[in-house]
Amino acid sequence: STMRKRKTTDSPHSSTDLSEGKEKLRLKQEVGLISGVSLIAGTMIGSGIFMSPEWVLYHMGSPASSLLIWAACGLLAMFGALSYAELGTIIKESGGEYIYILRIFGSFPAFLFAYTSVILVRPAGLAAVCLSFAEYAVAPFYPGCSSPQVVVKCTAAACILLLTIINCLNVRLATSIMNIFTAAKLLALLVIVVGGVVLLAKGQTQSFQNAFQNTTASIGAVGVAFYQGLWSYDGWNNLNYVTEELKKPEVTLPRAVMIAIPLVTCLYLLVNVSYLAAMTPTEVLSSGAVAVTWGHKVLGSWAWLISLSVALSTFGSSNGTFFSGGRVCYIAAREGHMPDILSMAHVRCLTPSPALLFTSAMSLIMIISGSFTSIVNFFSFIAWFFYGMTISGLLYLKIKKPELPRSYKVPIIIPIIVLMAAVYLVLAPIIDQPQMEILYIVLFIFSGVILYFPLVRFKCHPRFLQRVTLHLQLFLEVAPTTRDAN
């Protein structure tokens, strides 16, 4: 059948070192409903809502149309997450898009996704969020001037190293930090919302008079506005990366999605209304960081609270990105698409520490090189290409394999809408403004072909790699893991 069967054995190299009379090593199921909601909401609420509103407004041209874009982005994220929730109850394995593409379409497209995600997309996204954290964290020390790039990059690197230590030590510690920071950033957004309600009550509604005036009708501009909005919603699929670590995944996955995404969407809309109540559209467009400008206008001497909130928010978001991003690397290695060492877990901490260390190293390279901004700009292009492929896999299973057991079913119209949106978001920038960077990204994705056939298909592994793996295994105190028997 086209639905690829799970391997009944463990990873090809999980020899009998742990299996003789002992319990198999596996990651703990420690992510409950509250942690699940925190992982989704905490990763989604990063720097986007504090930075993107001015760009959505810039591309749409009017306050009312920009609010419609924010609502539409939230609806699209919700539809995407509900579609993924059904996939997560059919294929109860961690790894998100990677594992779904592998089980439905097979080894080659899954390898291309893992190769692109592990080497380029996840590290670039993590580096971007950590750099925005660093910008806000060091800004108070350089009042009235821009912060030196060396200081910003060192702070971002320190942030990544701290996240590596936290996530390698303990899953519960990582999820606890996620819960605390999610609560802190929700509180910050509530302060902005309440401030907006007070301003509206006082009659500051000038931004909402003739609210649709100057609205853009260009398809390309709407697509770019969607990209800006969707960057703020990125993270809606994060729970699917850690399915094996969820308590009762068939219940927790759909519930966490249904709580987290509507909550974030409502907050985003109210925060945007608050920005527009405090500032005219012209002031929003001329603001470098719209949340900080709002703080100066509304909170006065307490404006530093907003800068602190954005720094906390981006740190929490980078923790969520790191937590789920390391899992893609770990799962791909367990399936034989990455070096074996990355599929192992620490024997005492039970965390996928080699995969986390590799993700950390790639992110540090991105930060040091500093030339990844154009790649991050096309993050949405790659992401929606693979989202579209994954959703088409769900439609295939719904039509051809309706008998597969699933505890949650999404109406078929929802994945169809998401697939149409994915096609639009991939093609709109190419048709409207073709750029060379998109060609470079496509070439990078397909450069994986060079590695796939010798290393994965024909398994040509040099002898010295096995010795390196053994030494790393002893040094890092890690051992092969088994798949959770869901």
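It is to be established whether one or more residues within the stretch 331-350 are closer than 30 Å to A188 by Cα, open to solvent by 10 Å² or more (accessible area, probe 1.4 Å) and not acidic (D, E). Scanning the stretch 331-350 turns up no residue that is closer than 30 Å to A188 by Cα, open to solvent by 10 Å² or more (accessible area, probe 1.4 Å) and not acidic (D, E).
No other residue among W231, W236 is among the hydrophobic types (A, V, I, L, M, F, W, C), surrounded by 16 or more Cβ atoms within 10 Å (Cβ to Cβ) and part of a loop (DSSP other than H, G, I, E, B) apart from W236. Residues that are surrounded by 24 or more Cβ atoms within 10 Å (Cβ to Cβ), modelled with pLDDT of 85 or more, over 30 Å from D432 (Cβ atoms) and out of contact with any strand residue (DSSP E or B) (no Cβ under 6 Å at 6 or more places or on another chain) do occur in the stretch 39-46, at least one of them.
Mind listing whichever residues of the stretch 138-155 are hydrophobic (A, V, I, L, M, F, W, C) and either open to solvent by 30 Å² or more (accessible area, probe 1.4 Å) or closer than 11 Å to M366 by Cα (or both)? Spell out the reasoning first.
Residues of the stretch 138-155 that are hydrophobic (A, V, I, L, M, F, W, C), as a first pass: 138-139, 141, 145, 150-152, 154.
Hits for the stretch 138-155 are A139, F141, C145, V150, V151, C154.
Of the residues that make up the stretch 73-91, is at least one in contact with a Lys or Arg (Cβ under 9 Å, 6 or more places away or on another chain), modelled with pLDDT of 90 or more and open to solvent by 10 Å² or more (accessible area, probe 1.4 Å)? Yes; the residues of the stretch 73-91 include at least one that is in contact with a Lys or Arg (Cβ under 9 Å, 6 or more places away or on another chain), modelled with pLDDT of 90 or more and open to solvent by 10 Å² or more (accessible area, probe 1.4 Å).
Quick check: anything in the stretch 440-463 on the phi > 0 side of the Ramachandran plot and surrounded by fewer than 16 Cβ atoms within 10 Å (Cβ to Cβ)?
Filtering the stretch 440-463 down to residues on the phi > 0 side of the Ramachandran plot leaves 459.
Now restrict to residues that are surrounded by fewer than 16 Cβ atoms within 10 Å (Cβ to Cβ): 459.
Yes, because at least one residue in the stretch 440-463 is on the phi > 0 side of the Ramachandran plot and surrounded by fewer than 16 Cβ atoms within 10 Å (Cβ to Cβ).
Which residues, counting only those in the stretch 251-292, are out of contact with any helix residue (DSSP H, G or I) (no Cβ under 7 Å at 6 or more places or on another chain) and closer than 18 Å to V198 by Cα? Within the stretch 251-292, C266 is the sole residue that qualifies.
Just a yes or no: is a residue in the stretch 53-76 out of contact with any Cys (no Cβ under 9 Å at 6 or more places or on another chain), under 30 Å from F358 (Cα atoms) and part of a helix (DSSP H, G or I)? Steps first, answer last, please.
From the stretch 53-76, those out of contact with any Cys (no Cβ under 9 Å at 6 or more places or on another chain) are 53-55, 57-73, 75-76; that's our starting set.
From what's left, under 30 Å from F358 (Cα atoms): none.
Scanning the stretch 53-76 turns up no residue that is out of contact with any Cys (no Cβ under 9 Å at 6 or more places or on another chain), under 30 Å from F358 (Cα atoms) and part of a helix (DSSP H, G or I).
Scanning the stretch 254-265 for residues that are closer than 11 Å to G36 by Cα and either modelled with pLDDT under 90 or not hydrophobic (A, V, I, L, M, F, W, C) (or both), we see that the one that is least open to solvent (accessible area, probe 1.4 Å) is P254. The set of residues in the stretch 468-486 that are open to solvent by 70 Å² or more (accessible area, probe 1.4 Å), more than 12 Å from D340 (Cβ to Cβ) and either part of a helix (DSSP H, G or I) or at pLDDT below 80 (or both) comprises H471, L474, F475, A485, N486. Exactly one residue among G203, G196 is within 30 Å of A278 (Cα to Cα), open to solvent by 10 Å² or more (accessible area, probe 1.4 Å) and not acidic (D, E), and that residue is G203.
Among the residues of the stretch 270-300, those identified as under 21 Å from L230 (Cα atoms) and open to solvent by 50 Å² or more (accessible area, probe 1.4 Å) are L270, L285, G288.
Look at V242 and say whether it is without any contact (Cβ under 8 Å) to a residue 12 or more places away in the chain and either assigned to a helix (DSSP H, G or I) or touching a Cys at 6+ places or on another chain (Cβ under 6 Å) (or both). No, not satisfied. Please indicate, with yes or no, whether at least one residue in the stretch 127-134 is farther than 30 Å from L33 by Cβ, in a helix (DSSP H, G or I) and touching a residue at least 40 places away in the same chain (Cβ under 8 Å). Taking every residue of the stretch 127-134 in turn, at least one turns out to be farther than 30 Å from L33 by Cβ, in a helix (DSSP H, G or I) and touching a residue at least 40 places away in the same chain (Cβ under 8 Å).
Find the helices (runs of 4 or more DSSP H) located wholly in the stretch 412-455 whose residues include 1 or more that are more than 24 Å from A110 (Cβ to Cβ) and among the charged types (D, E, K, R), and list them.
Ranges flagged: 413-432, 436-446.
The values are calculated or read from the model by the stated rules, or taken from the named source; none is laboratory data. Nothing here was measured: the structure is a model prediction, and the numbers come from that model. Ideal geometry is used to build each Cβ from the backbone, glycine not excepted, and the neighbour counts take in all protein chains shown. For accessibility, only protein heavy atoms count, side chains too; no ligands or nucleic acids. Shrake-Rupley method; radii C 1.70, N 1.55, O 1.52, S 1.80 Å.
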